[in-house]
1. Could you work out the relative contact order of region 2-55, using alpha carbon pairs under 8 angstrom and six or more residues apart, expressed as a whole percent?
2. Among Asn143, Gly120, Gly55, which residue has its Cα positioned farthest towards the positive end of the charge dipole of region 1-150, with +1 placed on the Cβ of Lys and Arg, -1 on the Cβ of Asp and Glu, and the dipole taken about the Cα centre?
3. Which is the longest run of the chain containing none of the trypsin sites (Lys or Arg not before Pro) found in DSSP loop states (not H, G, I, E, B) with at most 10 other C-beta atoms within 10 Å?
4. How large is the charge dipole for the chain, taken about the Cα centre, if only the Cβ atoms of Lys, Arg (+1) and Asp, Glu (-1) carry charge, to the nearest 20 debye?
5. Determine ³J(HN,Hα), in whole Hz, for all residues of region 80-86 in sequence, where each value follows from phi through the Karplus function 6.51 cos²θ - 1.76 cosθ + 1.60 and θ = phi - 60°; x replaces Gly and Pro.
6. Where only protein heavy atoms count, and the probe is 1.4 Å, what is the accessible area per residue for region 84-162 in Å²?
7. For region 39-156, which whole-number percentage of the solvent-accessible area (1.4 Å probe, protein heavy atoms only) is attributable to carbon and sulfur atoms?
8. Would you calculate a helix-derived [θ] at 222 nm for the chain, using -39,500 (n - 2.57) for each DSSP H run of n ≥ 4 and dividing by the full residue count, to the nearest 500?
Amino acid sequence: MTSVPATISIEPMTRHDLVAVYEIDCRCTPTPWLLSAFAVELSNRIATYFVARLGGQVVGFAGMQTTMDRVHLTNLGVDPAFRRRKIGERLLIALLEESIYRRATHVILEVRESNRAAQGLYKKYGFVATALRKGYYTDTGENAVVMWANDLQGAEFQNQLRQLREGLAAVSE
């Protein structure tokens, strides 16, 4: 008998997801957010958070804050045991689509200078490195690469996003 592979779903984060999200963050970063910080974000009217589920289990999360026409991607994490399955990419797509829905024109994020995989993913989705924040990560003193994606409301950005989303869906089928 063959088993059907579980599908990845991207859903809004709820209070029931907080412990799982916190545990993933602990496995992803030397200095995870406090559990209470994630709880506060769920009631923050400018914040939007998603979780990725695989077979009902939370395996990733991502969040953003929207201020006027700008979105700041605050975090994106995938449980190390579930990486290389395009989960982070699906979460990024959800954030970008939500940004477009909220009428944002640009998105900013910081990423560890050593995290080349994440930088590559962001570049694939139209982000450009614009600055380096020295010693940004206080846990290690590591620099942060500041990346921007602009003109989210433009046809070029939205067509590229649609093509990447469709390409990802075709690979997953």
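1. After rounding, I find 54 percent.
2. With unit charges placed on the Cβ atoms, the residue in question is Gly120.
3. The segment 85-173 is the longest one with no such site.
4. Roughly 200 debye for the chain.
5. Once rounded to whole Hz, the list reads x, 5, 10, 6, 6, 10, 6.
6. It amounts to 52 Å² per residue over region 84-162.
7. Within region 39-156, the accessible surface is 50 percent carbon and sulfur.
8. My calculation for the chain gives -11000 deg cm²/dmol from helical runs alone.
The values are calculated or read from the model by the stated rules, or taken from the named source; none is laboratory data. Predicted model, so just to flag it, every value in this text is computed and none were measured. Note that each Cβ is placed from the backbone with ideal geometry, even for glycine, and that neighbours are counted across all protein chains shown. Surface accessibility is based on the protein's heavy atoms, side chains included, excluding ligands, DNA and RNA. Shrake-Rupley method; radii C 1.70, N 1.55, O 1.52, S 1.80 Å.
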